[in-house]
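The values are calculated or read from the model by the stated rules, or taken from the named source; none is laboratory data. Because the structure is a prediction, the values reported are computed rather than measured. Here the Cβ positions follow ideal geometry from the backbone for every residue, glycine too, while neighbour counts run over all protein chains shown. Ligands, DNA and RNA are stripped out before the accessible areas are found, and what is left, the full protein with its side chains, is counted by its heavy atoms. Shrake-Rupley method; radii C 1.70, N 1.55, O 1.52, S 1.80 Å.
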Amino acid sequence: MSASSAFNDEKGGSSNVGEPEYGHDPASGGIFSSDYKRHDDLKEMLDSNKDSLKLEAMKRIVAMIARGKNASDLFPAVVKNVACKNIEVKKLVYVYLVRYAEEQQDLALLSISTFQRGLKDPNQLIRASALRVLSSIRVTIIVPIMMLAIKEAASDMSPYVRKTAAHAIPKLYSLDPEQKDCLIEVIEKLLADKTTLVAGSVVMAFEEVCPERIDLIHKNYRKLCNLLIDVEEWGQVVIINMLTRYARTQFLNPNMNESLLEEGGGEKAFYGSDNDDDTDDEEDKEEKEKKKTEATAIVKRKPYVMDPDHRLLLRNTKPLLQSRNAAVVMAVAQLYFHLAPKAEVGVIAKALVRLMRSHSEVQYVVLQNVATMSIKRRGMFEPYLKSFYIRSTDPTQIKVLKLEVLTNLANETNISTILREFQTYIKSNDKDFVAATIQAIGRCATNIGEVRDTCLNGLVQLLSNRDELVVAESVVVIKKLLQMQPEQHSDIIKHMAKLTDNIQVPMARASILWLIGEYCEHVPKIAPDVLRKMAKTFTNEEDIVKLQIINLAAKLYLTNSKQTKLLTQYVLNLAKYDQNYDIRDRARFIRQLIVPTDKSGALSKYAKKLFLALKPAPVLESPFKDRDHFQLGSLSHLLNAKAGGYQVLPDWPEAAPDPSVRNVEVPEWTKCSSREKRKEKKADKPFYSDSEGESGPTESADSASDTASGSESGSGSEESGSGSESEESNEDSESASEEDEEEEGKKKKKNVEKIKARKPVPESESEPSSGEEVKKSEKKSKPRIGSSESESEEDEDSESESSESEEEESEEESEEETKKKKKTTASKPPSKPPKKENKKEKKEMSLLDFDDFDPAPSPSQVTPLNNFLSSSLVTDLEGLSLTDNVLSPTTIVPSGNLKTYELLHRITGEGLSVEYCFSRQPFSPDPHMVAVKIQFTNSATSEAKSLHVEDAKLQSGMRIKEFPEIEVLPAGETVSVVMGIDFCDSTQAANFQLCTHTRKFFVSIQPPVGELMMPIFMTENEFKKEQETLLQSLGQLMGMNEITEKLTLEEKCQGEHAVVQRVTTAANLSRVPCGSDKECSPPVPPPPFPIHRFAGKTVTSGSLVLVSVVTKEDGAAQLTVNCEKMVIGTMLVKDILQALTQ
Amino acid sequence: MINSLFLINPSGEIFLEKHWKSVVSRSVCDYFLEAKEKALEPEDVPPVIHTPHHYLISIYRDKLFFLSVIQTEVPPLFVIEFLHRVAEMIQDYFGECSETVVKDHMVMVYELLEEMLDNGFPLATESNVLKEMIRPPTILRSVVNTLTGTSNVGDTLPTGQPSTIPWRRAGVRYTNNEAYFDVVEEIDAILDQSGTTVFAEIQGVVEACVKLSGMPDLTLSFMNPRLLDDVSFHPCVRYKLWESERVLSFIPPDGNFTLMTYHVNAQNLVAIPVYVKQSISFFECGSDGRLDVTVGPKQTMGKTVEGVMVTVHLPKTILSINLTATQGSYTYDNGTKLLVWDIGKLNPQKLPNLRGSLSLQAGAPKPEENPSLNIDLNIQQLAISGLKVNRLDMFGEKYKPFKGVKYITKAGKFQVRT
């Protein structure tokens, strides 16, 4: 109170004194006179307890800072307000603090505790801003505090805070490089972060702190590639540049074979394909692929196969060429230039040409890079030649660069157009530009023999130009050109000799003199005369001209001493007393060399040889030649000098380092790699649609609205890295999917309600089978609040109940399936808030991996295998299920129907063929695993040794129990082993490598859903009870766990036996013996038709699977599957349906 | 990355400085000012200057130099692009980007810069995110602010930042939901003396003004997407869907933004809407010259060509001109030797003509080159490439938005050599 009143007094007083402007005019000029006083004023305001006054004061102070005025003496007054409640005052105080803390370290410490408090704030924004300011305060003493704060923030829940932590790392590093090791740990941790928000910032930190630690990238490489498209623009630039360097160390040069081919040939081929680029991308791709294979075919040795990771990078960066951000486009362009196979580099040209429409600064940088690129890859830009035509309104530096590009692009076919264009430029008023054009013409003339004469004639015409600069430049260029073939052009030399009378530009005069001296034999009559004239004007010439006069004199003396002896003496005498010591030196030297005297040494004998040696013609080269050893797009490249902190772009390695370092624990990759190769060869699909699924979670937003196209793409989510990896992407997809689903969801909701009405809610005897179920049912009970994911589940149900379209259904199923799968994987990391996580999981799944499994194998592929099921076991099973009821014979698994699947074909396996089947035996070492019987047949001529499994790459949660190593498999022999796989109740494939002593094969086992369960015995009553329980666990909405399908049984399988057999073949279930069968006349009236019931449980989680088939007249039947795992249920219905109807 | 930023006016005065790392003395700008002195035009200042300890990267925009100081390797385009974003941000916030505007809102600009970069690395560059953190000034708000002392700084968490669609803020509400798209095509061309086309291409841009509530998901499709040769998108556009189906699917930012830019397939011949008959000649002997320019419609697809303007940079040796225009008016600045002839609407019946005499400075030689003519024009309701928007669908929201598409053709860098 007192302070404020004091202030008021003060203010009143001051205004009385007549300086009212201080209160209103912040930091305008004219206040130097009372600097001291003014600051007093501000201090008063800061001390007041009115926020508005403080704000006003802070604004004035910040305005001072912005103008670069010193406000450091206010530090104590300002820092007091760091804890101010008003958020704007606080912000401005932060701004001030960051600016002056370095100068006032002790006082700055006062503020630290505020930030430490802020770091614990529940609001992520406040935590982030506290960290931001804390780390920006450049006070060495707080380094430990910063370190602690960064470490803590790196594991913050909010990605925004983690991003801030990443930003803080380089700040701390620049403050105290000692902390490097600790910081690298934090970087390593943040690199593993899966949010797009963090990725860019942490890579930036990586680049500043430890760019040499390329090993940290291995594990995150694929993730970064996949996230890239969703990272913010600035992060993209940093990541792409870093990945370029990474790829240079890890992959092989894709052009290594082509480098053997003739340079020109390669370019021609390339040019052709580039033209087509405009017409059709698809065709073009194919063509390019063909070309590539052709190219490799030519070079027979060591076929190059691109590492799939290398391909991944190229593929995932390509769409970014469409970015609006020039820096991103440039980053991708340089990546392609440095990493892509020659045939693919062309795609960047179009984008780069587009950038030329941008601001002139952008043009400037892009043209520099294009100039460098166009030397190595001329064909790439040839179609865009006209885009480099120069307008009179372009700034000079742009003109010169365009000229450079045009010159680089010139070849036999387009030179005439280019020269015509050059002719226009020569008339320009911008003389620097004209000079550059003349040089460009000279370069074209040297490079392209055909036009040399034309150019020369053109240049000679320029010699009569009125502008001296033009003439001079022409002379210099002509001189260079003439050096190539002087014999034919003595008339030009004569013409130029005449010019000495007029041209005043020293460089031009010197050039002419040099020419005459050099070729004095071609102009024997004129040369001495020129010397005579020059001798007259010697004293008035510029130094370089004088030197050339001496030079000319010496040469003439040697060739034609009779006529020029005296002249030479005269010139040398003049030079002897010249003011310039260079000229005096030269004169002395030459005199000794050429004039024979008694004392003259041995050298004078060779004088003629020395002076008139044949000089090689100059090579007119682009200044951009070999600039590409700098990473394109970099500052160093632009300056053609290494800038501080520039990381050298390494050369390709001779042999590729181990690619497995990039494997992440959770696999899915091996399969892809093989698949990818196939795809590359075929290339029958457009590039993008086929990568859609593969590039994984990050693209979910794209595919969200388009599940159909996604499932077509068929290649699964293998590339998505790991289940857990995709977690974060749900954030991305969430928003997108929400909209998409919301509307649909609402429609569906109506459906569901209808269903509700149809089906009476069963008596609630709530005994939920799992926690998850409870949650679901809760959600169901408040459907309005339920977000889209619960709706989509409902969709699923209503679909399967009412949908007629098979296709649609399968889509839904797959969606469901993946949802489920991810749910299981997601539940692993416990740190996250489970509910929210769950929600997200489901949602993004539905958008993503709809296609990561194949439908049940069609029977056509299936071949029966010998009955290898140990019969004893079957009897055991039988015994287990034996009850008072008569066991129908069909309960026994018809073992003869076991399907075998091919694991490795004889040809790909080089003689080793491997088949597998699901033996349906319990796997004794681990009851949660599915037993897979693997049969090796060695049809090769030599024996295979040490067959074993290696390097399993599994979905999270999946486990594998390898079979014992088979030491020797002689030729022609067959051997079977059993291995166990825990599929986690999903139909995801288990991928692993099958190794022999010589080779490794990537293989994968994908279980049909029916093999994921094992039979259990149950009585009919138990069955009914369980069925009811399952239904009731849903609360009001039934149908969640029950899927019913109507079907028409085929002629052949209308019998009971057939039905049972088909069902048990399709799924590993046991039949529930029932009294109400056909044979035993039913005492209970309701089911007038026979019901076949089957029971089983899933292998991993032990969830019940109940199947009942009601057969009616005329082969009509109804199939009902109850399973709490909906995905399994839906898939099972489909499989059984297929088994029964075919 | 970016160490400091200086804003410099054309006369070389540094009127704002901002440092993100240690303070760099403003004397570093001397290198730049030196280069600026050397350059004839502001555009000729090299964008990248190498000084002993720093690198200076600058842009010239809206008559202001934005100069950034760099200490270590960084992609130059990264910095240039960022500087342009700064200029765009100022433009977006205050309606224009000029020295006065920056000086008037010094503190706010400074705060914005503080938010845009952290330690020299871009943090928040999306205008929607920034606007949530620091509210743009409006007249009403500035009045209220002065009265109540409240602030422009948002005290809520900017929701856009942590989300993955940073370009859109949450909770947008409009009473009138509308979405407008302007398809603007520019013809870049060089014509030679005889009127033949040396080079011509069409560059297009789709500018959008979307004011829709909630989180609309829009899909824009074209009748003839095959025309589009090379495209670049706002980050909101889903690349994959474009690649597979040639539709633009996106959740739009709120307000005005550039949805896409495109280049029309070069194989299609470009229709040049006007022709220019010109003759500029100087007499060898006397200090005299003649100028005669006629503009007429050529391929206009039945539309009227409007806003025609001819700009000529006359040679430096011209002393004075004496011209008469049959339509429109011309202005001539003897200092810059810039002749601007504003024709307006093109009437096919009566072709506009500008003719008269030019007088050279006494004794000056006949100019080497005739000046080239830069043509400006626009044609309403026509996309010269023939591109047509097919339909716009909205998902995710229930209301019916009002939709509109407008086509304009303009001259881009349209130059006639003489």
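Based on this model, can you work out whether A:Asn70 counts as within 10 Å of another protein chain (Cβ to nearest Cβ) and more than 42 Å from the chain's Cα centre (by Cα)? Criteria not met by A:Asn70. Checking the stated criteria, B:Thr300 turns out not to satisfy the condition of being among the β-branched types (Val, Ile, Thr), in a strand (DSSP E or B) and either outside the structural domain of B:Thr409 (by TED's automatic domain parsing) or touching a strand residue (DSSP E or B) at 6+ places or on another chain (Cβ under 7 Å) (or both).
Before we move on, is A:Ala108 at pLDDT below 85, in contact with a Ser or Thr (Cβ under 7 Å, 6 or more places away or on another chain) and more than 11 Å from chain B (Cβ to nearest Cβ)? For A:Ala108, the condition - at pLDDT below 85, in contact with a Ser or Thr (Cβ under 7 Å, 6 or more places away or on another chain) and more than 11 Å from chain B (Cβ to nearest Cβ) - is not met. State yes or no: is B:Gly412 away from chain A (no Cβ under 12 Å), touching a strand residue (DSSP E or B) at 6+ places or on another chain (Cβ under 9 Å) and closer than 29 Å to B:Ile272 by Cα? The answer is no for B:Gly412.
Would you confirm whether or not the range B:341-352 contains a residue that is within 14 Å of chain A (Cβ to nearest Cβ), assigned to a loop (DSSP other than H, G, I, E, B), open to solvent by less than 70 Å² (accessible area, probe 1.4 Å) and not acidic (Asp, Glu)? No, the range B:341-352 contains no residue that is within 14 Å of chain A (Cβ to nearest Cβ), assigned to a loop (DSSP other than H, G, I, E, B), open to solvent by less than 70 Å² (accessible area, probe 1.4 Å) and not acidic (Asp, Glu).
Of all the listed residues (B:Gly214, B:Gly195, B:Gly149, B:Gly154), the sole one being at pLDDT below 90 and away from chain A (no Cβ under 11 Å) is B:Gly195. Here A:Ala1116 fulfils each of the conditions (1) surrounded by 24 or more Cβ atoms within 10 Å (Cβ to Cβ); (2) within 15 Å of A:Glu1050 (Cβ to Cβ); (3) hydrophobic (A, V, I, L, M, F, W, C) apart from (1). Pairs under 9 Å by beta carbon, first residue acidic (Asp, Glu) in the range A:955-975, partner surrounded by fewer than 13 Cβ atoms within 10 Å (Cβ to Cβ) and assigned to a strand (DSSP E or B), six or more apart or different chains? Close Cβ pairs satisfying both conditions: A:Glu962/A:Glu950.
Scanning the range B:218-239 for residues that are surrounded by 19 or more Cβ atoms within 10 Å (Cβ to Cβ) and under 20 Å from B:Met394 (Cβ atoms) yields B:Leu218, B:Leu220, B:Phe222, B:Phe233, B:His234, B:Pro235, B:Cys236, B:Val237, B:Arg238. Kindly indicate whether B:Glu186 is more than 10 Å from chain A (Cβ to nearest Cβ), within 21 Å of B:Gly404 (Cα to Cα) and touching a residue at least 12 places away in the same chain (Cβ under 8 Å). No.
Residues that are within 11 Å of another protein chain (Cβ to nearest Cβ) and modelled with pLDDT of 85 or more within the range A:73-94 comprise A:Leu92, A:Tyr94, listed in sequence order. Checking A:Asp582 against (1) more than 14 Å from chain B (Cβ to nearest Cβ); (2) touching a residue at least 60 places away in the same chain (Cβ under 8 Å), which test does it fail? The one condition A:Asp582 does not meet is (2).
Evaluate the following for A:Ala497: is it among the small types (Gly, Ala, Ser), open to solvent by less than 70 Å² (accessible area, probe 1.4 Å) and modelled with pLDDT of 85 or more? No; evaluated as a whole, the condition is false for this residue. Summed over the range A:325-341, residues that are touching a residue at least 60 places away in the same chain (Cβ under 8 Å) and at the interface with chain B (Cβ under 8 Å from one of its Cβ atoms) total 4. Going by the structure shown, is B:Gly386 within 14 Å of chain A (Cβ to nearest Cβ) and either surrounded by fewer than 20 Cβ atoms within 10 Å (Cβ to Cβ) or over 24 Å from A:Ser387 (Cα atoms) (or both)? Considered against the rule, which asks whether it is within 14 Å of chain A (Cβ to nearest Cβ) and either surrounded by fewer than 20 Cβ atoms within 10 Å (Cβ to Cβ) or over 24 Å from A:Ser387 (Cα atoms) (or both), B:Gly386 comes out as no. Within the range B:266-275, is there a residue that is small (Gly, Ala, Ser) and either at pLDDT 90 or above or outside any loop (DSSP other than H, G, I, E, B) (or both)? Looking through the range B:266-275, none of the residues is small (Gly, Ala, Ser) and either at pLDDT 90 or above or outside any loop (DSSP other than H, G, I, E, B) (or both). Is it true that A:Gln569 is open to solvent by 40 Å² or more (accessible area, probe 1.4 Å), assigned to a helix (DSSP H, G or I) and in contact with a Leu (Cβ under 9 Å, 6 or more places away or on another chain)? Considered against the rule, which asks whether it is open to solvent by 40 Å² or more (accessible area, probe 1.4 Å), assigned to a helix (DSSP H, G or I) and in contact with a Leu (Cβ under 9 Å, 6 or more places away or on another chain), A:Gln569 comes out as no. In the range B:299-340, what count of residues is obtained for those that are on the phi > 0 side of the Ramachandran plot and open to solvent by less than 30 Å² (accessible area, probe 1.4 Å)? Number of matching residues: 1.
Among the residues of the range A:408-424, are any within 27 Å of B:Glu41 (Cβ to Cβ) and open to solvent by 20 Å² or more (accessible area, probe 1.4 Å)? Checking the range A:408-424: at least one residue is within 27 Å of B:Glu41 (Cβ to Cβ) and open to solvent by 20 Å² or more (accessible area, probe 1.4 Å).
Selection of strands (runs of 3 or more DSSP E) fully inside the range B:35-84 by the criterion of at least 3 residues being under 25 Å from the mean Cα position of the chain (by Cα) and more than 8 Å from chain A (Cβ to nearest Cβ) returns B:64-70. Test B:Leu291 against the criterion of being within 30 Å of B:Leu130 (Cβ to Cβ) and either of a type in the set (Val, Ile, Thr) or over 27 Å from the mean Cα position of the chain (by Cα) (or both), and give yes or no. Spelling it out, it is not the case that B:Leu291 is within 30 Å of B:Leu130 (Cβ to Cβ) and either of a type in the set (Val, Ile, Thr) or over 27 Å from the mean Cα position of the chain (by Cα) (or both).
Is there a residue in the range B:121-139 that is more than 10 Å from chain A (Cβ to nearest Cβ) and surrounded by fewer than 16 Cβ atoms within 10 Å (Cβ to Cβ)? The answer is yes; a qualifying residue exists. The residue pairs whose first member lies in the range A:128-140 and is within 12 Å of chain B (Cβ to nearest Cβ), whose second member is among the aromatic types (Phe, Trp, Tyr), and whose beta carbons are closer than 7 Å, counting only pairs six or more residues apart or on different chains, are A:Ala128/A:Tyr160; A:Val133/A:Tyr94; A:Val133/A:Phe115.
So that you can scan it fast, the table gives a plain yes or no per residue for (1) within 12 Å of chain A (Cβ to nearest Cβ); (2) touching a Gly at 6+ places or on another chain (Cβ under 7 Å); (3) over 25 Å from A:Met356 (Cβ atoms):
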| position | (1), (2), (3) |
| --- | --- |
| B:Ala179 | no, no, yes |
| B:Leu191 | yes, no, no |
| B:Phe199 | yes, no, no |
| B:Gly204 | yes, no, no |
| B:Ser221 | no, no, yes |
| B:Pro235 | yes, no, no |
| B:Ile251 | yes, no, yes |
| B:Leu259 | yes, no, no |
| B:Tyr262 | yes, yes, no |
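For the residues A:Glu344, A:Glu404, A:Glu421, A:Glu450, the requirement of being more than 9 Å from chain B (Cβ to nearest Cβ) and more than 35 Å from the chain's Cα centre (by Cα) singles out A:Glu450. Mind listing just one residue for me: the one in the range B:14-29 that is of a type in the set (D, E, K, R) and closer than 25 Å to A:Val238 by Cβ and, of those, most open to solvent (accessible area, probe 1.4 Å)? Restricting to residues being of a type in the set (D, E, K, R) and closer than 25 Å to A:Val238 by Cβ, the top hit is B:Lys21. On the given criteria, is B:Ser11 within 8 Å of chain A (Cβ to nearest Cβ), polar (S, T, N, Q) and open to solvent by 20 Å² or more (accessible area, probe 1.4 Å)? In short, no.
Looking only at the range A:144-187, which residues are basic (Lys, Arg) and either within 26 Å of the chain's Cα centre (by Cα) or facing chain B (nearest Cβ under 10 Å) (or both)? Those that are basic (Lys, Arg) and either within 26 Å of the chain's Cα centre (by Cα) or facing chain B (nearest Cβ under 10 Å) (or both): A:Arg162, A:Lys163, A:Lys171. The residues listed here are A:Glu44, A:Glu56; of these, the one that is touching a Phe, Trp or Tyr at 6+ places or on another chain (Cβ under 9 Å) and modelled with pLDDT of 80 or more is A:Glu44.
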